[in-house]
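Participant: After the structure tokens below, expect a handful of questions from me.
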Amino acid sequence: MALSATAQRVQDELRRAGFANTVQEFADSTRSAAEAAATIGCTLAQIAKSIIFKAGSGRAVLVVASGVNRVDERKVAALIGDRIGKADAEFVRDRTGFVIGGVPPLGHATPSVTVIDADLLAFDRIWAAAGTPRSIFGLTPAELLAMSGGTVGDVKSVV
């Protein structure tokens with residue numbers, strides 16, 4: 001089955017960046033981490049969920065977190081040296097070129113400051129969004145670091 005134009009754009013970006021990962025598109029939603037885990041058949045913790053924040057400077061900040069973790073904004077702010085806040089759907093689409101629920105870890109319209117949840121490094125295989133709320137791709141933590149240019153840190157909230 002052919003990929004949608006947006007999922008194909010992510011597939012093309014993966015190839016341009018030298019990665020062999022394959023984008024998969026599904027009939028059912030993979031918008032939330034729980035939906036993605038159920039669709040793939042992996043644990044929730046193996047979902048590399050992308051959350052965009054807006055830095056005080058106006059930059060987009062991409063946090064790629066384990067699907068089981070809530071993000072502690074104070075920890076992320078300390079890691080990047082700038083305050084952050086919630087980003088609305090328009091900001092996310094403008095800065096990344098993708099909709100909430102489909103933001104991949106690469107190929108953004110404007111490069112994002114990226115922070116990777118250290119908990120993702122514990123897995124051999126993880127899954128990330130691929131441009132749409134119905135597409136994902138499998139990758140290793142090392143590939144995530146290479147394709148995103150992200151900094152690893154403790155981002156999880158202890159609730």
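To keep it simple, each residue is scored yes or no on (1) at pLDDT below 95; (2) outside any loop (DSSP other than H, G, I, E, B); (3) touching a His at 6+ places or on another chain (Cβ under 9 Å); (4) surrounded by 24 or more Cβ atoms within 10 Å (Cβ to Cβ).
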residue	(1), (2), (3), (4)
Arg95	no, yes, yes, no
Phe98	no, no, yes, yes
Ala109	no, no, no, no
Ile116	no, yes, no, yes
Leu120	no, yes, no, yes
Asp124	no, no, no, no
Ala128	no, yes, no, yes
Gly131	no, no, no, yes
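Participant: If you don't mind, there's one more thing I want to ask. Which condition number does Val68 fail, the rest of (1) over 25 Å from Ala122 (Cβ atoms); (2) at pLDDT 95 or above; (3) assigned to a loop (DSSP other than H, G, I, E, B) being met?
Facilitator: Checking Val68 against (1) over 25 Å from Ala122 (Cβ atoms); (2) at pLDDT 95 or above; (3) assigned to a loop (DSSP other than H, G, I, E, B), the one that fails is (1).
Participant: For the structure I just gave you, tell me whether Arg134 is free of Cβ contacts under 8 Å to residues at least 12 places away in the same chain, within 27 Å of Ala5 (Cα to Cα) and basic (Lys, Arg).
Facilitator: Considered against the rule, which asks whether it is free of Cβ contacts under 8 Å to residues at least 12 places away in the same chain, within 27 Å of Ala5 (Cα to Cα) and basic (Lys, Arg), Arg134 comes out as no.
Participant: Let me ask another. Which one of Gln11, Gln46, Gln24 is touching a strand residue (DSSP E or B) at 6+ places or on another chain (Cβ under 7 Å), over 10 Å from Ala130 (Cβ atoms), among the polar types (S, T, N, Q) and touching a residue at least 60 places away in the same chain (Cβ under 8 Å)?
Facilitator: Numbers: Gln11 fails: over 10 Å from Ala130 (Cβ atoms); Gln24 fails: over 10 Å from Ala130 (Cβ atoms).
Within the list Gln11, Gln46, Gln24, the selection yields Gln46.
Participant: For the structure I just gave you, tell me whether Asp124 is among the acidic types (Asp, Glu), farther than 18 Å from Ser29 by Cα and without any contact (Cβ under 8 Å) to a residue 24 or more places away in the chain.
Facilitator: Values: among the acidic types (Asp, Glu): yes; farther than 18 Å from Ser29 by Cα: yes; without any contact (Cβ under 8 Å) to a residue 24 or more places away in the chain: yes.
Answer is yes for this residue.
Participant: Identify, please: which residue in segment 50-65 is part of a strand (DSSP E or B) and out of contact with any Leu (no Cβ under 9 Å at 6 or more places or on another chain) and is, among those, surrounded by the most Cβ atoms within 10 Å (Cβ to Cβ)?
Facilitator: In this case the residue turns out to be Val63.
The values are calculated or read from the model by the stated rules, or taken from the named source; none is laboratory data. Since the model is a prediction, treat every value here as computed from it, not as a measurement. Virtual Cβ from ideal backbone geometry, glycine too; neighbours counted across all protein chains shown.
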